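The values are calculated or read from the model by the stated rules, or taken from the named source; none is laboratory data. Source: prediction; values computed, not measured. Heads up, the Cβs are rebuilt from the backbone with ideal geometry, glycines too, and the neighbour counts pull from every protein chain shown. Surface areas here come from the heavy atoms of the whole protein model, side chains and all, with no ligands, DNA or RNA. Shrake-Rupley method; radii C 1.70, N 1.55, O 1.52, S 1.80 Å.
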Amino acid sequence: MDFDALFQTQLSKLKEEGNYRIFAELERRAGAFPKARCHDEEAPDDVTVWCSNDYLGMGQNPKVTAAMKEAIDLSGAGAGGTRNISGTNHAHKKLEAELADLHGKESALLFTSGYVSNWASLSTLGARLPDAVILSDELNHASMIEGIRHSKANKVIWKHNDPEDLDRKLAALPANTAKIVAFESVYSMDGDICPMAEIVEVAEKHGAMTYLDEVHAVGLYGPRGGGISEREGLADRITLIEGTLGKAYGVVGGYVTGSAALCDFIRSFASGFIFTTALPPAVAAAAQVSIQHLKQSNAERMAQRERVAYLRKRLDQEGIPHLENPSHIIPVMIKDPVKCRMISDYLMQQYGIYVQPINYPTVPKGTERLRFTPSPLHSAEDIDHLVAALKALWKQCAISHAVA
């Protein structure tokens, strides 16, 4: 059997549909974020990155990079094994204590990524709690969906950000069922924020566990960066808060926080934790410094919000359609996969602006978009240059000015 031919057939279909993904080859320049060197032949050597999840530029914060360098000199490059077999470093324990404090929980558990922390934790909870039913918001991230699927637990999908629908579906379940309500705070594609208080109240009414993904909120919201749950004063009422170190904190890794028993349960039974090499100690040390800094400093958050507001204002002035939401994520709607790819290419090649097209299956067909994430380090000149480029391309590519 010609396996390569089978592969190429499906890849060709992706390309025909406009959904084939091309990775930009970038070289981040320390101290120059959001500028980067581009190694793609058709693009300028220097580009401005507009779609990074390093939301606050902490990946190049001097205190964070210094902590990583110091930890490498102290402990070397890698952890040396799984957490169980020689891989638990002092830096891991210090970071877990920092994370537990961030969310006001008894304990925390580190994972190699936010994807793995969701997949491993939800699959373990769903598989090992007796007669578990996981009630999942219909727009939950792929990592949550995969974790639920892998658990083989009964699954109920509730309408996005709809506490009334959640209430109805919880009420239909037997009272003695182990119920887990899984949802996110900030949804990364539309940038909307959940009605957290209402969701928590419905879950409490039915005795359900709450599982909250805060990956696009930690570091960015709340007086210490504890996310929407901290901002709304709800963290103590949520059973498990999951987050990432790879976005606002600028490093890599994922985690869950909760009671000591909950974290010990996941530590003891989650295959995605047990059988994988631990994060390098240098990553843990850098993450801890990043979290400590953002617990005390509000300057980065305030500057980011100013840039977000300014970009929205300039887009409105030029009639460039973008989804209104209360978060830091600005989706500019194209609604055509081929044109979305085309505009992304033109922005890179003609204007030195890098933004990745967001197409199916990340978003539904017909809702293709460019997703902009202004950081505190984008200047007003960067924003004006971006909007001028979009204005020119909107006319050139005949894109609609309507959002809906």
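Label positions at residue 309 and residue 131, each projected 7 Å from the Cα along the C-beta direction, are separated by 5.3 nm. Enumerate the residues in region 348-378 having an amide nitrogen under 13 Å from the point lying 7 Å beyond the Cα of residue 22 toward its Cβ. Counting only backbone N, you get 348-350, 355-357. Over region 1-119, Cα pairs under 8 Å with separation of 6+ residues give a relative contact order of 10 percent. Note on residue 236/residue 77: beta-carbon distance plugged into 1/(1 + (r/R0)^6) with R0 of 30 Å gives a FRET efficiency of 0.20.
Cross-link candidates for residue 105: which aspartates and glutamates have Cα within less than 17 Å, leaving aside residues fewer than 8 places away along the same chain? Reachable aspartates and glutamates: 96, 213, 214, 230, 232, 236, 242, 264. The orientation-averaged projected area of the convex hull spanned by the Cα atoms of the chain comes to 21.2 nm². Loop sites by DSSP among the chymotrypsin sites (Phe, Trp or Tyr not before Pro) of the chain, restricted to those with at most 14 other Cβ atoms within 10 angstrom, leave 24-274 as the longest stretch without any of them.
Legend: distances between Cα atoms for 247/295; 155/179; 159/335; pairs beyond 18 Å are 159/335.
Among rounded, prolate and oblate, which fits region 1-56 when a ≥ b ≥ c are the square roots of the eigenvalues of its C-alpha gyration tensor, a/c under 1.5 means rounded, and a/b larger than b/c means prolate? Prolate, since a/c reaches 1.5 and a/b exceeds b/c.
Bridge orientation summary for the chain: considering DSSP beta bridges with both residues in this region, about 55 percent are antiparallel.
Give me the accessible area per residue for region 199-314, probe 1.4 Å, as a whole number in Å².
On the way: 3910 Å² over 116 residues.
Value returned for region 199-314: 34 Å² of accessible area per residue.
Between residue 264 and residue 149, the modelled labels are 3.4 nm apart [label points 7 Å from Cα along Cα→Cβ].
Top mean-square fluctuation among 268, 327, 229, Gaussian network model of the chain, C-alpha springs under 10 Å? Largest GNM mean-square fluctuation: 268. Between region 33-76 and region 310-354, the alpha-carbon centres lie 23 Å apart. Straight-line reach from residue 63: taking Cα to Cα under 17 Å and skipping same-chain neighbours fewer than 8 places apart, the aspartates and glutamates in range are 54, 73, 98, 300.
Between rounded, prolate and oblate, where does region 172-318 land on the alpha carbon gyration tensor, with a ≥ b ≥ c its root eigenvalues, rounded for a/c under 1.5, else prolate if a/b exceeds b/c? Oblate.
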